[in-house]
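Trainee: A single structure is presented below for examination.
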Amino acid sequence: MLDFIREDLKQFQAYTPHPGGAVTVPLDILDTNENPYDLPSDLKAKLAGHYEHAIATNRYPDGAQLELKSAIASYVNRSANLPQAPITPAQISVGNGSDELIRSVLIATCLGNQGAIFTAPPTFSMYRILAETLGIPVVQGRRSTADFALDLEDARSQVQAPVRVVFVVHPNSPTANPLTANELDWLRRLPKNILVVIDEAYFEFSQTSVVAELSEHPNWVILRTFSKAFRLAALRVGYAIAHPDVIQILEKVRLPYNLPAFSQAAARLALDHHEELLTVIPQLLQARDQLHADLAKIDALQVWPSAANFIYARLNNGDDKRLGDLTQELKAQGTLIRHTGGGWRITVGTSAENQRTLSRMHGVLA
């Protein structure tokens, strides 16, 4: 059976958004790094009205996404204060989530035994998963066990042919640490025949970006998303910022009409009201700092600083199997957190969600 399927895919482990198993209690969903707050009801109503009156469901969406790309470019320029060399719509590609853009990068660079990618776990697993589904080799680097910074001596030795693409996250997921000055200096010095993908999915929380350096590095791609700070995870909108020549290639390999009209409308609405939507960011950062302080008081846990909307923790004794069991116990009580890379990635939720999570953690760790 399935003799027509590639042998490597038969044993392949797919990405699982939530842990399996029955759930009999309401869930606090703190495992996907989403914004805990939905769109305000008035914006939802405005979006619904746009859908009713302005979107013809029998027609394809805007395949070029020109209005959305222009709105994204304006937002990027404002947030990065780029009056001298502003980002243009020709430097934007829009995807059905950042995952589609990652896949487009892989297709454009490494498909057909053309190259390999470099990534350093623990990090966002979709780089490896998407590469493996395409039959692309993955070269894995090392990180410091103290602060999860890249082992740059190892990285320098690993990023050689056939590696064509280096993936990093700024700040990293699941460990929440931003790129260090040394890491950024290494990326700047990589040869121009290496594509550097810097994932800034959590930019609105970290307020740290390399977009101002893009004009100096035509081999860099910055990825961002509307799924986190902008509260549009259900609608799957991501975007890439890069040199126009790189964007032109990404546009060639993306699927036509890849982003539904409703998702495009929602992203444009979010950008039109970005100041309102982002007002919750200081509140979430304050909640993150409080949650971090409370988690640090739990003797069984080691907790790391965070520059994002989530916190990374491990058991002090390093017992990853026990951590997996505890994850299931928390789920049974109503808290979902991500067990990954030997630790817990805990999304910052509402105050009530955070308090319930702390209470349940004290219980399972007692």
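The values are calculated or read from the model by the stated rules, or taken from the named source; none is laboratory data. Note that the structure is a prediction, hence the values are computed from the model and not measured. Reconstructed Cβ throughout: ideal geometry from the backbone, glycine too, with neighbour counts over all protein chains shown.
Trainee: Please list, ordered by first then second residue, the pairs with beta carbon atoms under 7 Å, 6 or more apart or interchain, first in the stretch 49-70 and outside any loop (DSSP other than H, G, I, E, B), second charged (D, E, K, R) and surrounded by 14 or more Cβ atoms within 10 Å (Cβ to Cβ).
Mentor: Correct list of pairs: Glu67/Arg268; Leu68/Arg268.
Trainee: Among what's in the stretch 138-167 and is of a type in the set (S, T, N, Q) and farther than 16 Å from Gly115 by Cβ, pick the residue that is farthest from the chain's Cα centre (by Cα). Lay out the reasoning, then the answer.
Mentor: First, pick out the residues of the stretch 138-167 that are of a type in the set (S, T, N, Q): 140, 144-145, 157-158, 160.
Filter once more, so that each one left must be farther than 16 Å from Gly115 by Cβ: 144-145, 157.
On the way: Ser144: 21, Thr145: 22, Ser157: 27 Å.
Among those residues, the one meeting the criterion is Ser157.
Trainee: Quick test for you: out of Leu358, Leu326, Leu291, pick the one residue that is closer than 25 Å to Tyr15 by Cβ and modelled with pLDDT of 95 or more.
Mentor: Working: Leu358 fails: closer than 25 Å to Tyr15 by Cβ; Leu291 fails: closer than 25 Å to Tyr15 by Cβ.
Criteria check complete, one pass: Leu326.
Trainee: Regarding the stretch 274-287, can at least one residue be identified that is assigned to a loop (DSSP other than H, G, I, E, B), of a type outside the set (D, E, K, R) and without any contact (Cβ under 8 Å) to a residue 12 or more places away in the chain? Even if it seems obvious, please write down each step before you answer.
Mentor: Initially, the stretch 274-287 is screened for residues assigned to a loop (DSSP other than H, G, I, E, B), giving 278-279.
Of the ones still in play, those that are also of a type outside the set (D, E, K, R) are 278-279.
Subsequent filtering for residues that are without any contact (Cβ under 8 Å) to a residue 12 or more places away in the chain retains 279.
Yes, the stretch 274-287 contains a residue that is assigned to a loop (DSSP other than H, G, I, E, B), of a type outside the set (D, E, K, R) and without any contact (Cβ under 8 Å) to a residue 12 or more places away in the chain.
Trainee: Which numbered condition trips up Arg254, out of (1) modelled with pLDDT of 95 or more; (2) crowded, with 19+ Cβ neighbours inside 10 Å?
Mentor: Only one criterion in (1) modelled with pLDDT of 95 or more; (2) crowded, with 19+ Cβ neighbours inside 10 Å is unmet by Arg254, namely (1).
Trainee: Among (1) of a type in the set (A, V, I, L, M); (2) out of contact with any Ser or Thr (no Cβ under 9 Å at 6 or more places or on another chain); (3) crowded, with 17+ Cβ neighbours inside 10 Å; (4) closer than 20 Å to Thr208 by Cβ, there is one condition Leu130 misses while meeting the rest; what is its number?
Mentor: (4)
Trainee: I would also like to ask the following. Going through the stretch 203-236 one residue at a time, which ones are surrounded by 16 or more Cβ atoms within 10 Å (Cβ to Cβ) and more than 23 Å from Ala307 (Cβ to Cβ)?
Mentor: Asn219, Leu235, Arg236
Trainee: Only one of these is over 21 Å from the mean Cα position of the chain (by Cα) and among the hydrophobic types (A, V, I, L, M, F, W, C): Ala308, Ala352. Name it.
Mentor: On the way: Ala308 fails: over 21 Å from the mean Cα position of the chain (by Cα).
Sole residue among the options that is over 21 Å from the mean Cα position of the chain (by Cα) and among the hydrophobic types (A, V, I, L, M, F, W, C): Ala352.
Trainee: Could you tell me whether any residue of the stretch 262-274 is surrounded by fewer than 21 Cβ atoms within 10 Å (Cβ to Cβ), in contact with a strand residue (DSSP E or B) (Cβ under 7 Å, 6 or more places away or on another chain) and aromatic (Phe, Trp, Tyr)?
Mentor: No.
Trainee: If Asp294 satisfies all but one of (1) touching a helix residue (DSSP H, G or I) at 6+ places or on another chain (Cβ under 7 Å); (2) not in a helix (DSSP H, G or I); (3) not assigned by TED's automatic domain parsing to the domain that holds Tyr202, what's the number of the condition it fails?
Mentor: It fails just one condition, (2).
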